[in-house]
Amino acid sequence: MTHRHQRGWLKKEKRSQGETWVFFFRTVRKSDGKRVENKIPIGLVKDFSSESCVWAEVERQHLHINQVDFRGCVIFADLAHHYAEHELVEPTESIHPKAHTTIRGYERVLRNRLLPQWGNRVALGLEPLEVEEWLKALKRKEGLANPTLDKMRRVMSLVYRHSQRYGLIPRNQESNPMRFVRCKTTSEYEAMILTPEQAYAVLLNLREPERTLTLLATGTGLRISNRHYASNQRQLVRGSASRLPWFRLPSRVRL
């Protein structure tokens, strides 16, 4: 079963020490598997100036109320959602920040490939060979390149490693099937070498803004796969690239 993300709620209770802020949340009772209320005292009401200060104290205590118990039949979707909530976040909220394009790329892999295929499977029940066969089938049926397949394997591995780090699954080799999954990483793409005359002829046949964008990418090394690059190409052509916060030239390039 997939566990819903919860924030919990606050209440005031009268206790022997005085009126107290108490944090409530739901948890699964191990004896019968039912969801029941649980509570943790946070502090005396007189010690907090407002309810927002109480929430700040709850955050400071790092209460893991959404932690999945690996001793049950945790499914891959549980691990994937936990990974996304903690790792695929804005750079300012992460210890090891990822680029915006990397975050969106990993989200697409999870949403379009991994969750539809493995989401409802018991995470510790996946076998390395069946993952390998799935990757081979994607290559055969959809013609996906080796680096694309390896990216799926790496994202799955990141989900398992993250889950082990947080204690969602045991920290042993057998609990991470991706350690034993083999996948080719080299691309079968063969570059076409053009002579200067051929390259110039191709450039002359391009329309605007593609012609200017090609010159820009050639001279600066700016990747066309950058999402912002593609969505703001007209601004680039109009000479406004210097005002876009994501635009950075390589250190050796001088225009």
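Subtract the Cα-Cα distance of Lys98 and Ser16 from 0.36 nm times their separation in residues, and report this length gain in nm to one decimal.
Result: 24.7 nm gained on full extension.
What full-extension length gain, to one decimal in nm, is calculated for Glu90 and Glu57 as 0.36 nm per residue of separation minus the Cα-Cα distance?
Length gained, Glu90 through Glu57: 9.6 nm.
For the pair Ala191/Ala145, report the inter-label distance in nm, with labels modelled 7 Å from Cα in the Cβ direction.
Result: 1.3 nm between the two label points.
Among the GluC sites (Glu not before Pro) within segment 126-216, which fall in a DSSP loop and have no more than 15 other Cβ atoms within 10 Å of their own Cβ?
Filter output for segment 126-216: Glu188, Glu190.
Between Arg179 and Ala199, 0.36 nm times their residue separation minus their Cα-Cα distance comes to what?
2.8 nm
In what order do Thr185, Thr195 fall by count of nearby beta-carbon atoms within 10 Å, going from fewest to most?
Listed from fewest to most nearby Cβ atoms, that is Thr195, Thr185.
Once the Cα gyration tensor of segment 9-60 is diagonalised, what are the square roots of 5 times its eigenvalues, in whole Å and ordered largest first, as equivalent ellipsoid semi-axes?
Result for segment 9-60: semi-axes of 25, 13, 7 Å.
Student exercise: in segment 9-60, how many lysine pairs 8 or more apart or on different chains have Cα atoms under 23 Å apart?
Lysine pairs meeting both conditions in segment 9-60 amount to 8.
Can you give the convex hull volume per residue for the Cα atoms of segment 76-180, as a whole number of Å³?
Residue-normalised Cα hull volume stands at 99 Å³.
Each reported figure results from applying straightforward, stated rules to the coordinates on display, with no laboratory input. Since we're looking at a predicted model, the values are computed, not measured. Positions of Cβ are backbone-derived with ideal geometry, glycine not excepted, and every protein chain shown enters the neighbour counts.
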